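*Asks:* The structure under discussion is supplied below as structure tokens; questions concerning it will follow.
Values quoted throughout were computed directly from the atomic coordinates according to the rules given, and no laboratory measurement underlies them. It should be emphasised that the depicted structure is a prediction, and the values quoted were computed from it without experimental measurement. No Cβ is skipped: glycine too gets one built from the backbone with ideal geometry, and neighbour counts run over all protein chains shown.
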């Protein structure tokens with residue numbers, strides 16, 4: 001019943017609503033993007049800091065900026081996936097710690113193990129830990145906040161029990177592995193390029209596949225998603241599992257980037273990650289935002305730290321500024337949605 | 001609505017959907033005893049019944065949300081057993097609920113195509129195609145909605161059109177509309193009906209659930225009546241009249257009644273005059289005297305609860321006044337209402353009436369916590385003493401005062417709520433659906449209790465959707481329809497037909 005455009009005698013009782021204007025709408029569209037404020041903030045921050053201290057954007061300075069952001073970007077992308085479904089994963093710091101320590105342990109105890117095998121094992125380990133989160137959240141029907149707070153401590157406890165006082169250092173690992181965080185292509189460190197690849201792939205999946213769109217629908221209204229016949233449990237489970245894989249990847253890269261891994265590696269990262277996603281425009285109650293936004297948020301937060309150091313601002317202020325940014329992100333979001341609501345109400349009132 | 005009456009088809013086509021003798025129980029509660037409906041292609045079929053007649057349960061079975069315990073279900077003559085909503089959709093059934101459930105953060109186009117977005121050459125979702133297809137759907141429906149806007153903030157009417165667009169794009173054979181016109185204005189209703197007729201003419205079967213008889217007679221081809229979870233009958237709309245349908249809707253054995261014991265009607269306790277709240281209710285005038293039970297009857301959504309909430313000061317109102325024993329009550333001040341002597345037993349006792357995890361004793365004395373406390377700390381001994389007194393008087397069946405309220409049965413929970421308010425010695429008690437979800441035995445007990453309280457001189461304002469309860473308990477019945485009082489009936493005049501007529505506003509009653 002697609003070609004019979006007959007017999008709908010409905011005279012439209014309302015005038016046509018605002019048609020999308022051809023010209024100028026593209027600029028307006030960019031301005032309305034949820035990622036726009038955070039991207040603008042990042043650009044302003046970089047320019048201001050560069051003006052005050054030109055060394056900030058020297059090749060070495062840029063490389064440090066990118067290296068610092070890499071791990072946070074990967075974690076931010078995974079966290080965004082989970083938050084978009086109206087959940088949260090607080091255990092990512094602990095997952096990263098376990099995988100990073102496991103990576104160090106593999107290289108130290110299995111001499112000659114191929115680097116690619118270590119990556120595979122690290123990702124699989126992360127996947128298992130993330131899948132446990134996903135299973136608990138979908139089966140227990142307890143808020144993810146509580147479940148992953150629990151696994152945060154459990155995974156950290158495992159790490160403590162496993163590592164004890166042991167630490168593994170970069171000398172135990174092959175040079176080629178450490179070189180991933182040192183070598184660059186066109187000024188970009190290899191692991192940063194890997195992070196960019198992750199962002200691109202996940203962004204395409206989220207925007208261009210039905211399962212990706214389902215995640216937004218679930219976060220927007222979980223009950224409606226059930227009424228629509230969307231497999232809510234399966235999708236949420238997969239979001240947690242993928243987040244685990246990405247936290248695992250971040251763990252392996254952590255071992256490449258930093259000298260030592262031990263029982264406390266990655267402690268406290270989870271809040272920075274959630275902050276990055278929220279600053280990047282991912283709505284904390286799900287349904288909107290993007291992984292690109294979360295990645296920019298991660299870049300912004302790590303850049304602030306470097307910028308304030310370059311500007312010789314006290315460490316204390318750095319944290320306070322991150323806090324202000326989180327509040328600003330939320331306020332911008334609220335103001336925007338109130339303004340949208342008002343605009344829609346007005347257009348509706350005109351119709352009646 | 002001035003559409004020409006619909007003519008019946010000479011040779012009835014085969015049923016596109018048939019449900020026969022479907023039953024569904026939840027624990028001891030029978031939601032549906034004999035759900036039967038037969039829907040043909042190319043017809044609009046009304047399903048009518050009182051609140052609680054089992055219409056929603058039947059719809060949920062069609063939608064694949066509930067699984068019937070018994071009965072036969074066929075689509076196109078083939079037996080089906082839906083396990084999920086997706087199964088029902090795949091069989092060509094689309095359900096539009098009274099309040100459509102769209103995803104507020106997604107665009108209109110995406111809401112239509114979620115889960116089956118059109119793909120482009122790259123095997124990724126093609127937004128261009130999705131937008132074009134959505135636009136084509138709206139053009140066909142003659143409704144201009146921007147496919148790119150997000151769904152948040154759309155009017156209910158537009159949301160329903162989007163649901164219909166979705167149903168069309170799914171090529172649904174059956175469209176179920178659950179009270180679609182309840183929240184629509186006149187223009188919007190006309191638009192919806194035009195769309196519905198267009199779909200019917202193209203061969204869809206439409207099940208239309210409504211309480212509005214004028215709409216039913218203007219739009220539908222056949223009418224099926226349900227009562228108390230049972231199928232009563234099906235009529236051709238052209239050959240039946242409203243009184244026949246109303247009689248079938250209400251004509252039941254009235255043996256579960258607990259008639260109110262005669263009580264001495266005393267002075268005016270509550271006087272409500274000219275109470276209006278824009279878009280919710282208007283010109284509400286009534287009084288309640290001591291010893292009297294006044295029922296606010298009407299259909300769900302008529303504005304009864306809203307009036308009660310305004311009287312109690314939970315919600316504000318635009319104009320009018322509320323007086324208790326001759327003294328004006330401040331609007332928007334529930335504490336003042338309590339102090340003046342009003343008790344309010346809300347409809348949803350689990351959410352609003354009780355703290356489910358606290359003990360029986362603590363719940364029963366919640367309203368007393370100020371008088372039981374010394375230096376801001378509640379005295380446990382006095383709390384227990386007060387609780388025992390009231391729970392004993394109301395015969396609450398609980399193992400111990402210390403058990404959590406959530407362990408009690410629905411009827412006993414309701415008694416605890418009553419105990420809570422009786423402890424404040426109210427002059428006026430407002431009870432909203434006092435026996436909803438309570439088994440028949442305890443129902444009678446709650447009725448006896450209310451009657452008893454009236455006998456002690458308490459004025460009672462009772463909101464109830466159950467006709468037997470209204471007719472059996474009330475000294476006077478006020479019937480509301482769409483925010484107005486459409487009838488004031490004394491006990492002697494309050495027949496089921498009179499109340500139903502006023503509740504559906506087919507005839508105006510005023511003193």
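*Asks:* Can you tell me the FRET efficiency between residue B:244 and residue B:124 if r is taken as the Cβ-Cβ distance and R0 is 56 Å, rounded to the nearest 0.05?
*Replies:* Plugging the Cβ-Cβ distance into 1/(1 + (r/R0)^6) gives 0.45.
*Asks:* With viscosity set to 0.692 mPa s at 37 °C, what whole-number translational diffusion coefficient in µm²/s follows for the range B:355-425 from Stokes-Einstein and a Kirkwood radius over Cα pairs?
*Replies:* 279
*Asks:* On to the next question. For n ≥ 4 DSSP H runs only, could you compute -39500 (n - 2.57) per run for chain A, divide by its residues and tell me the 222 nm figure to the nearest 500?
*Replies:* -24000 deg cm²/dmol
*Asks:* Roughly what % of Cα-Cα distances in the protein assembly as shown sit above 43 Å, to the whole percent?
*Replies:* 47
*Asks:* A follow-up question, please. What's the angle, to the nearest 10 degrees (0 to 90), between helix B:127-141's Cα axis and the longest principal axis of chain B?
*Replies:* 80
*Asks:* Any chance you could give the angle, 0 to 90 degrees and rounded to 10, that helix A:92-109 forms with the longest Cα principal axis of chain A?
*Replies:* Orientation of helix A:92-109: about 30 degrees from the principal axis.
*Asks:* A follow-up question, please. For the range A:209-250 and the range A:82-143, what is the separation of their Cα centres, given in Å?
*Replies:* 18
*Asks:* Can I ask one more? Stretch residue A:115-residue A:204 to full length: gain in nm at 0.36 nm per residue minus the Cα-Cα span?
*Replies:* So the extension gain works out to 29.3 nm.
*Asks:* Quick check on the protein assembly as shown: of the DSSP beta bridges with both residues there, what percent are antiparallel, nearest 5%?
*Replies:* 60
*Asks:* Can you give the log10 of the normalised intensity I(q)/I(0) at q = 0.09, 0.10, 0.15 Å⁻¹, computed with Debye over equal Cα scatterers of the range A:36-351?
*Replies:* -0.47, -0.58, -1.23
*Asks:* In addition: Taking other Cβ within 10 Å of each residue's Cβ, how do B:55, B:427, A:315 sort, fewest first?
*Replies:* So the ranking, lowest neighbour count to highest, is A:315, B:427, B:55.
*Asks:* Shielding of A:222-232 by partners, i.e. mean partner chain Cβ atoms within 10 Å per residue?
*Replies:* Per residue, the average neighbour count from other chains is 5.
*Asks:* Quick one: go through the range A:139-177 and flag any residue whose amide nitrogen is under 15 Å from the point 7 Å out along the Cα-to-Cβ line of residue A:267.
*Replies:* A:152-167
*Asks:* Kirkwood hydrodynamic radius for chain B: how many Å is it when counted over pairs of different Cα atoms?
*Replies:* 25.1
*Asks:* Follow-up. As a test, work out the antiparallel percent of DSSP beta bridges whose residues both lie in the range B:324-434, rounded to the nearest 5.
*Replies:* In the range B:324-434, approximately 50 percent of DSSP beta bridges are antiparallel ones.
*Asks:* With each run of n ≥ 4 DSSP H residues scored as -39500 (n - 2.57), what mean residue ellipticity at 222 nm is computed for chain B after dividing by its residue count and rounding to the nearest 500 deg cm²/dmol?
*Replies:* -9500 deg cm²/dmol
*Asks:* Can you sort B:133, B:323, B:43 so the residue with the fewest Cβ neighbours within 10 Å comes first?
*Replies:* Ordered by Cβ neighbours within 10 Å, fewest first: B:323, B:133, B:43.
*Asks:* Now for a different question. Just how far, in whole angstrom, is the range B:153-191 from the range B:467-501 if you go by their alpha carbon centroids?
*Replies:* Answer, in whole Å: 32.
*Asks:* Given 0.36 nm per residue, what is the gain on full extension from residue A:53 to residue A:317 after removing their alpha carbon distance, in nm?
*Replies:* Contour length minus the Cα-Cα distance gives 93.2 nm.
*Asks:* On C-alpha positions alone, give me the angle between the axis of helix B:440-455 and the longest principal axis of chain B, in degrees, nearest 10.
*Replies:* With both axes taken from Cα atoms, the answer is about 50 degrees.
*Asks:* On the principal axes of its Cα set, how long, how wide and how thick is the range A:29-137? Give whole Å, largest value first.
*Replies:* Principal extents (largest minus smallest coordinate, Cα): 49, 38, 20 Å.
*Asks:* A further question follows. Take peptides B:144-152, A:275-283, A:112-120 and line them up by average Cβ neighbours within 10 Å, highest first, as a rough protection proxy.
*Replies:* With the highest mean Cβ count within 10 Å placed first, the list reads A:275-283, B:144-152, A:112-120.
*Asks:* If you count, for every residue in B:194-204, the Cβ atoms of partner chains within 10 Å of its Cβ, what is the mean?
*Replies:* That works out to 3 on average.
*Asks:* May I ask you to order B:260-271, A:233-244 by the average number of other C-beta atoms within 10 Å around their residues, highest value first?
*Replies:* Answer by packing, highest mean first, reads A:233-244, B:260-271.
*Asks:* Please compute the modelled spin-label separation between residue B:358 and residue B:234, points set 7 Å along Cα→Cβ, answer in nm with one decimal.
*Replies:* My value for the distance between the label points is 5.2 nm.
*Asks:* In nm, give the distance between the simple-model label positions of residue B:395 and residue A:223, each being 7 Å from the Cα along the Cα-to-Cβ direction.
*Replies:* Roughly 3.7 nm, to one decimal.
*Asks:* Evaluate the distance, in nm, between pseudo-label points positioned 7 Å from the Cα of residue A:196 and of residue A:36 along their respective Cα→Cβ axes.
*Replies:* 2.5
*Asks:* Could I ask something else about it? Calculate how many DSSP beta bridges within chain B are antiparallel, expressed in % of all such bridges and rounded to the nearest 5.
*Replies:* Approximately 55 percent, going by the DSSP bridge assignments.
*Asks:* Let me ask another. Order of B:403, B:66, A:168 from fewest to most other C-beta atoms within 10 Å?
*Replies:* Ranking B:403, B:66, A:168 by Cβ neighbours within 10 Å, fewest first, gives B:403, B:66, A:168.
*Asks:* To the nearest whole number, what is the average tally of beta carbon atoms from other chains within 10 Å of the beta carbons of peptide B:282-294?
*Replies:* Taking the mean over all residues of the peptide, I get 0.
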